[in-house]
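Below: the structure, in structure tokens.
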Amino acid sequence: ITIPSLVVRYLIQSVVLPLGKIWHLAGEEGSCKSAFLYEMMRWHYKAGGAVALAQNENKDSPELRRSIMQHNPVWLQRFIKDDTASMEEWQAFISTAMASTVAEYERKGGLGATWPMLMAIDSLTATAPESEIEAISAEGYASRGFALMAMLISRYMKFMPGKVMDNPFTVVGKNHLKPGTDQRGLPKDAVPGGMSVKFMETYEFKLKRISDIEKSKY
């Protein structure tokens, strides 16, 4: 589908967005990850597509999203969202969205696989596995659970590419960027969830806001 943004065309060296790919948007708080995700949604709507959003953080921005969607009533009708409370919930929602879209592509008398579907996870590591949630409820405190979270994401990411590549899908996962340093003291960025996302992603965008805009001067 067409990329209307010149800067994104430059970054990926293409005037079109290839479908059947997995995108990873990583950035610190306030780096406009959600705004860029909503802009990618707009590209799919302009191509006659639809969007499914697994909202895992309690920081939804419906006003910003609707404004970037230009308050288009047709586009807004082709948008589904699920507020998920565990990692298993967002994975089940994305899997259901994929299966439902494929069923629509194959429906007799339908349009076939002629329109793109964007599936977004906001964000990949914002919710804990159900077993950890139950343990915290029972014990009243949290314990180390990174290994389980990384394992669940890894197993799901191994399942995802086969479903994505054969269809006009775009999967976009947001993630938090954790700046730090390596053993030599050099800057090093890290993202939660293990290395499985990096192995399966096609593109990774690191978003950073350099400074605030002094609006009164422009």
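Worth a mention:
- Screening the candidates SER137, SER143 for the property of being loosely packed, with under 15 Cβ neighbours inside 10 Å, of a type in the set (Gly, Ala, Ser), assigned to a helix (DSSP H, G or I) and at pLDDT below 75 yields one hit, SER137.
- Residue check for THR127: out of contact with any helix residue (DSSP H, G or I) (no Cβ under 7 Å at 6 or more places or on another chain) and either outside any strand (DSSP E or B) or aliphatic (A, V, I, L, M) (or both): no
- If you go through the range 167-218 and pick out every residue that is modelled with pLDDT of 85 or more, within 15 Å of TRP23 (Cβ to Cβ) and open to solvent by 60 Å² or more (accessible area, probe 1.4 Å), you end up with 2.
- For the range 70-94, residues that are among the charged types (D, E, K, R), open to solvent by less than 70 Å² (accessible area, probe 1.4 Å) and assigned to a helix (DSSP H, G or I) total 1.
- When residues in the range 26-74 are screened for being of a type in the set (Val, Ile, Thr) and over 18 Å from PHE169 (Cα atoms), 2 of them pass.
- Of the listed requirements (1) modelled with pLDDT of 95 or more; (2) loosely packed, with under 12 Cβ neighbours inside 10 Å, ARG107 misses just one: (1).
- Filter pass, ASN72 being polar (S, T, N, Q) and more than 16 Å from the chain's Cα centre (by Cα): yes
- Under the condition of being outside any loop (DSSP other than H, G, I, E, B) and more than 19 Å from the chain's Cα centre (by Cα), the residues counted in the range 95-124 number 4.
- Qualifying residue in the range 124-133 (condition: out of contact with any strand residue (DSSP E or B) (no Cβ under 9 Å at 6 or more places or on another chain) and modelled with pLDDT of 80 or more): no
The values are calculated or read from the model by the stated rules, or taken from the named source; none is laboratory data. These figures come from a predicted structure and were not determined experimentally. All Cβ positions, glycine included, derive from the backbone under ideal geometry; neighbour counts span all protein chains shown. Remember, those area values only see protein heavy atoms, side chains included, never the ligands or the DNA or RNA. Shrake-Rupley method; radii C 1.70, N 1.55, O 1.52, S 1.80 Å.
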